[in-house]
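Below is one structure, written out as structure tokens; the observations come after it.
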Amino acid sequence: MDRAQRSLFSEEWGSDPEPDEPGPAAPRRHVLEVGELAAIIDDLLLDERLIECFVRGEVTNFRRHASGHCYFSLSEERDGENAVIPCVIWRRDAQRLRHGLEDGQTVIAFGSVAHYAAGGRYQFYVREAEQAGIGEKFIQVERWRCDLGAEGCFQEFRKKDLPRYPARIGVVTSPTGAVLHDIVNVLTRRFPVELVLSPTAVQGDGAELEIAAAIRRIDGRVDVIIVARGGGAFEDLYAFNHPEVVRAVVACTTPIVSAVGHEVDVTLCDLAADLRAPTPSAAAELVAPDRAVLLEELRQARRHLADLLHDRWERADDEVRELRDRLRPGRLAFRIDRRREELAELDGRLARGRDRALERRRSELSGLAAVVRARSPFAPLARGYALVERNGSLVRAAGVLEQGALVTARFGRGRARLRVEEVCDDEDV
Amino acid sequence: MTKTYEELVTELRDVVRQLEDDRTGLDECIQLYERGAILVRLCEELLTTAEMKICELGRD
């Protein structure tokens, strides 16, 4: 039996594969669970060519579900070959579509391919779709966005601040139409200034050149520029996406506010401008301060000035009062009295010091005198002894005297002349 | 040469800042206050008497 025709589930299945027949089609022995297989498919579809891409095709089988989600197919028939891809567009994205989709339309859709594992199919998840002619323009705008972005046209850091109180406001817009009227109205109400219009066509062939020229013409002649256009379809705003306009905005030395279309429309001109306003009227409000608010600020400034001057005057007054207090005569007398007291105290201390010094010397002297007195040869005389002298010499023994000798006796007090009656030489005291 | 609102308001802010400075002398404060009051009045006049003027640049 031919091996290729043999059922994979014949008894050979599960047995060792024959080593000489491993071929690329050889079945693997591992059995995948469905979820595993789905995961592999998911993984394979993560290809950047399938993510966020544009697809052109004819809408077929369009149906809108009650939930708001829309299902359809995009198909192409070429050389008799038919190619179809199922598409889904979720309610939120469907609501944002500018034109409803219907069978037979040729559209350009933007989205990503993904695998819907629960339904077992791959689908194109559409985020945006446009009729083919317009779709081309969308793609062109996307291309410009990338190129101009790479040039640095949308970088925040080079954006200029608007002047707070512009005296001349330039407006680049159509000289006819509601836009200029709206801007004039808002400015008249908020902060009347000199308005300079740089007129231009805002749509149609060559409008981008006119707009760019109008911007260049007014640059440097005013304090701030508003580039504005009323709401319109994507094609109507197309000129404001053109690189001519974007580069003119970037090159402009005067700060520019861009207000093109309604709030939901964002043009490249809006992205390049120093500030984007949702509408032309809003642009006028952003550019000019409100006069009523300024007048209130001035009233506050006037009050503040008066308060400041009053505070300063009060501080000066306090200073003078304090100085006057410090200069009062009483304060001076008090200071003199205090000096006097100090002087008296010093005087007292001087006297006390002197007395103490005298006293010390006195007691020192009397101590010395006592010592001297104690050592005096005459000291014993006070205790009743007497000294006997003969012809100025001390008599130390009775033997030197003879009866009838004349001697002098010194006492503690006074002296006497004595005549010797008897001499006893043999007795000691 | 009449000054713009911006110039007047800038000067007014400067006057207030000097007046707020404690080191400013009293004489100077009085002069600053007088100048400030004039600036406030000029600003108010500019705002209340301003009128919309519109002109159009010629195309090439």
query = Any idea which of (1) within 11 Å of chain B (Cβ to nearest Cβ); (2) crowded, with 19+ Cβ neighbours inside 10 Å; (3) out of contact with any strand residue (DSSP E or B) (no Cβ under 6 Å at 6 or more places or on another chain); (4) modelled with pLDDT of 90 or more is the one residue A:195 doesn't satisfy?
reply = (3)
note = Going through the stretch B:1-33 in order, the residues found to be more than 9 Å from chain A (Cβ to nearest Cβ), in a helix (DSSP H, G or I) and over 20 Å from residue A:165 (Cβ atoms) are B:18, B:27, B:28, B:31
remark   = Residues of the stretch A:271-298 being open to solvent by 60 Å² or more (accessible area, probe 1.4 Å) and more than 18 Å from residue A:186 (Cβ to Cβ), in sequence order, are A:296, A:297
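Which one of these is in a loop (DSSP other than H, G, I, E, B) and open to solvent by less than 100 Å² (accessible area, probe 1.4 Å): A:348, A:367, A:353, A:404?
Checking each option against the conditions leaves just A:404.
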request  = Return only the number of the condition from (1) of a type in the set (Lys, Arg); (2) open to solvent by 90 Å² or more (accessible area, probe 1.4 Å); (3) within 10 Å of another protein chain (Cβ to nearest Cβ) that residue A:321 does not satisfy.
outcome  = (3)
key: In the stretch B:43-56, the residues that are open to solvent by less than 60 Å² (accessible area, probe 1.4 Å) and either touching a Pro at 6+ places or on another chain (Cβ under 7 Å) or more than 7 Å from every other protein chain (Cβ to nearest Cβ) (or both)   = B:50, B:52
key: Residue in the stretch A:158-182 that is farthest from the other protein chains (Cβ to nearest Cβ), counting only those that are of a type in the set (A, V, I, L, M, F, W, C), more than 37 Å from the chain's Cα centre (by Cα) and surrounded by 15 or more Cβ atoms within 10 Å (Cβ to Cβ)   = A:179
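Here's the yes/no breakdown for (1) under 43 Å from the mean Cα position of the chain (by Cα); (2) in contact (Cβ under 8 Å) with a residue 60 or more places away in the chain; (3) surrounded by 14 or more Cβ atoms within 10 Å (Cβ to Cβ):
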{"position": "A:48", "(1), (2), (3)": "yes, no, no"}
{"position": "A:57", "(1), (2), (3)": "no, no, yes"}
{"position": "A:68", "(1), (2), (3)": "no, no, no"}
{"position": "A:90", "(1), (2), (3)": "yes, no, yes"}
{"position": "A:96", "(1), (2), (3)": "yes, no, no"}
{"position": "A:114", "(1), (2), (3)": "no, yes, yes"}
{"position": "A:117", "(1), (2), (3)": "no, yes, yes"}
request  = Determine whether the stretch A:229-239 contains at least one residue that is part of a helix (DSSP H, G or I), crowded, with 20+ Cβ neighbours inside 10 Å and away from every other protein chain (no Cβ under 11 Å).
outcome  = yes
request  = Among the residues of the stretch A:371-401, write down those that are open to solvent by 50 Å² or more (accessible area, probe 1.4 Å) and among the β-branched types (Val, Ile, Thr).
outcome  = A:371, A:372, A:400
Flag for residue A:133 being within 30 Å of residue A:50 (Cα to Cα), free of Cβ contacts under 8 Å to residues at least 24 places away in the same chain and part of a helix (DSSP H, G or I) = yes
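Do any helices (runs of 4 or more DSSP H) lying entirely in the stretch A:259-328 carry at least 2 residues that are within 23 Å of residue B:19 (Cβ to Cβ) and modelled with pLDDT of 90 or more, and which ones are they?
A:291-326
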query = under 30 Å from residue B:19 (Cα atoms), free of Cβ contacts under 8 Å to residues at least 60 places away in the same chain and polar (S, T, N, Q) - does that describe any residue in the stretch A:357-377?
reply = no
ask   = Does residue A:268 meet the test of being within 14 Å of another protein chain (Cβ to nearest Cβ) and open to solvent by less than 50 Å² (accessible area, probe 1.4 Å)?
value = no
remark   = Over the stretch A:170-215, the set of residues more than 19 Å from residue A:255 (Cα to Cα) and in contact with a Pro (Cβ under 6 Å, 6 or more places away or on another chain) is A:175, A:179, A:182
key: Residue among A:251, A:292 that alone is away from chain B (no Cβ under 14 Å), out of contact with any Gly (no Cβ under 6 Å at 6 or more places or on another chain) and on the phi < 0 side of the Ramachandran plot   = A:251
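The values are calculated or read from the model by the stated rules, or taken from the named source; none is laboratory data. Predicted model, so just to flag it, every value in this text is computed and none were measured. A quick note on method: Cβ atoms are made from the backbone with ideal geometry, for glycine too, and the neighbour counts reach across all protein chains shown. Ligands, DNA and RNA are stripped out before the accessible areas are found, and what is left, the full protein with its side chains, is counted by its heavy atoms. Shrake-Rupley method; radii C 1.70, N 1.55, O 1.52, S 1.80 Å.
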